[in-house]
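The values are calculated or read from the model by the stated rules, or taken from the named source; none is laboratory data. Small disclaimer: the values here were computed from a predicted structure and weren't measured. Methodologically, a virtual Cβ is constructed for each residue, glycine included, from the backbone with ideal geometry; neighbour enumeration extends over all protein chains shown.
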Ligand code: F6R
């Protein structure tokens with residue numbers, strides 16, 4: 001899980017590459033490096049730590065050249081160190097490779113290459129690619145050096161296995177960058193007399209929004225503003241470019257201290273944009289005709305982390321509105337359990353990035369079982385969207401902060417739209433009921449605009465509690481997954497111990513960890529389970545907990561009697577309330593992390609998209 005950027009054009013590539021790497025740091029950030037082709041020689045600079053360290057080191061060396069590659073690394077093979085940082089070179093030092101993903105047969109290849117005399121300098125799987133291309137360059141026949149490199153890369157692709165994307169630059173073919181995509185993300189940006197190779201669009205979006213999404217097994221050849229794509233059989237393909245509507249400002253912090261905060265505030269817009277497409281015929285967007293919708297007997301939701309929590313909320317929705325049984329699996333578990341075959345099963349993968357290896361693996365399994373597949377995803381052209389039969393895009397724009405916020409609420413919103421559409425199609429919901437549910441949904445963005453005003457209240461509260469050792473989150477019914485999400489968010493960004501439970505479960509064990517002053521957050525809108533939540537408040541308070549009630553206006557008076565503090569959230573319908581209730585918990589995580597001085601957008605040990613199992 002790393003970030004690749006390449007530039008070939010008319011300007012000095014260094015600043016393009018360093019800027020691109022900064023935009024890709026969310027993909028991993030234990031070390032970084034660049035290689036620049038300067039007067040026929042490759043100049044490589046690498047540094048452990050963030051891209052800022054690399055920038056400092058590059059300034060000292062000051063390389064100049066119009067073709068270059070860069071990389072930000074998140075270690076998979078070999079510890080974070082300068083030797084293991086990319087770019088990696090062959091024995092001659094004339095060829096460099098940057099790589100994202102895993103070469104599964106690297107040990108076998110390394111042994112073979114060592115027996116042929118290749119000398120390895122790192123512990124990485126990536127270095128195998130550089131030496132293998134070097135070896136293959138000796139054996140291919142070609143009219144010129146460029147063609148030779150392309151053929152050697154194609155031969156190499158047949159010999160390596162795994163999920164990978166990589167970029168190559170060779171001193172003997174100046175002005176050419178070669179990119180290879182196989183199950184790891186790689187996109188091409190086309191500018192004026194310049195082009196870019198990158199793991200993700202924000203890396204070059206400030207220079208161009210014209211993008212080619214490569215398909216699996218494809219090779220891209222970049223020469224200035226000219227890009228050629230070879231398909232997996234090696235034939236030149238007429239590659240389609242698309243214009244990305246995200247501008248650079250959207251992909252940057254826009255005045256907030258952190259992307260996480262900016263993204264929390266973007267939620268009204270994210271919901272609005274997600275629902276805009278849903279105003280049309282949602283069934284059609286899903287690529288599911290009415291008879292398919294009617295024939296669905298069983299739904300499997302597959303996701304990881306925050307997206308899994310969105311899936312848990314989705315189960316309540318689909319079972320309520322469509323009456324179809326739903327199972328929700330962690331993608332990493334779905335792959336390994338026995339999944340009974342059924343006719344009429346729809347597998348839904350929820351993923352912000354569309355590149356999460358576990359989710360991709362699970363959806364491949366669902367496909368192999370003959371299930372119809374649907375992705376709820378935020379990233380156009382991502383691997384998951386190519387794998388699934390159809391996709392509904394969440395349209396919340398790039399989510400840069402590692403901690404997912406706006407993607408989560410957009411995912412829940414999409415699940416709600418899906419559930420009521422299914423219900424209408426299979427007759428579980430009448431047209432009149434559907435219209436009412438739809439109207440409530442269309443009011444959600446406005447209610448979200450009110451909800452984000454809660455930042456000040458939550459910020460003030462965190463002053464009292466940010467030093468606590470552990471935090472507890474409780475919810476019932478549709479708000480139970482929100483308790484899980486509140487705890488996950490807090491753990492991720494503040495490194496505090498936090499746990500979420502179904503409120504009815506605490507008496508079965510977890511109550512023993514509640515101590516004097518333990519902050520307990522109660523998700524208790526004034527709904528069908530409000531009374532039960534009042535009892536849970538009393539149980540916790542009796543053990544000395546500091547109880548914070550997140551409730552709606554009608555619940556405030558009663559909640560005040562059993563809680564130490566109230567966070568009043570705007571009222572939505574019972575089933576849409578979770579979308580609003582999570583917002584104060586997002587602010588809570590943000591402000592506790594901020595007070596503790598944590599690296600909010602890039603928490604330790606985490607990366608934005610987890611492209612390894
Ligand atoms: C939490 C978080 C992760 C992701 C998970 C799935 O804030 O960001 O738990 O939700 O890694 O990622 P996607 O949605 O990209 O598949």
Please specify each residue of the stretch 305-322 satisfying the condition of being away from the ligand (no atom under 14 Å from the Cβ) and in contact with a strand residue (DSSP E or B) (Cβ under 8 Å, 6 or more places away or on another chain).
315, 318, 319
Can you find a residue that is assigned to a helix (DSSP H, G or I), closer than 25 Å to residue 233 by Cα and without any contact (Cβ under 8 Å) to a residue 60 or more places away in the chain anywhere in the stretch 136-143?
yes
Would you pick out the residues in the stretch 289-309 that are closer than 16 Å to residue 420 by Cα and surrounded by 24 or more Cβ atoms within 10 Å (Cβ to Cβ)?
299
Output the residues belonging to the stretch 492-524 that are within 23 Å of the chain's Cα centre (by Cα) and under 26 Å from residue 552 (Cα atoms).
498, 499, 500
Does the stretch 595-613 contain any residue that is crowded, with 22+ Cβ neighbours inside 10 Å and either away from the ligand (no atom under 16 Å from the Cβ) or under 18 Å from residue 460 (Cα atoms) (or both)?
no
Counting only strands (runs of 3 or more DSSP E) entirely within the stretch 316-433, those with at least 1 residues that are surrounded by 24 or more Cβ atoms within 10 Å (Cβ to Cβ) and modelled with pLDDT of 95 or more are 345-351, 372-377
Just a yes or no: is a residue in the stretch 574-590 away from the ligand (no atom under 16 Å from the Cβ) and over 30 Å from residue 438 (Cα atoms)?
no
Residue pairs meeting the criteria (Cβ under 9 Å; at least 6 apart or on separate chains; first closer than 14 Å to residue 485 by Cβ, in the stretch 407-432; second more than 16 Å from the ligand (Cβ to nearest atom) and not in a helix (DSSP H, G or I))
412/576
For residue 139, which of the numbered conditions (1) modelled with pLDDT of 95 or more; (2) under 25 Å from residue 85 (Cβ atoms) fails to hold?
(2)
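Conditions tested, residue by residue: (1) in contact with a strand residue (DSSP E or B) (Cβ under 7 Å, 6 or more places away or on another chain); (2) assigned to a helix (DSSP H, G or I); (3) free of Cβ contacts under 8 Å to residues at least 24 places away in the same chain.
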| position | (1), (2), (3) |
| --- | --- |
| 5 | yes, no, no |
| 16 | yes, yes, no |
| 19 | no, yes, no |
| 33 | yes, no, no |
| 43 | yes, no, yes |
| 47 | yes, no, no |
Given the conditions (1) assigned to a helix (DSSP H, G or I); (2) surrounded by fewer than 20 Cβ atoms within 10 Å (Cβ to Cβ); (3) in contact with a helix residue (DSSP H, G or I) (Cβ under 8 Å, 6 or more places away or on another chain), every one holds for residue 25 apart from (2)
In this structure, is residue 544 closer than 15 Å to residue 490 by Cα and either away from the ligand (no atom under 16 Å from the Cβ) or within 35 Å of the chain's Cα centre (by Cα) (or both)?
no
Within the stretch 454-476, count every residue that is more than 18 Å from residue 517 (Cβ to Cβ) and crowded, with 24+ Cβ neighbours inside 10 Å.
1
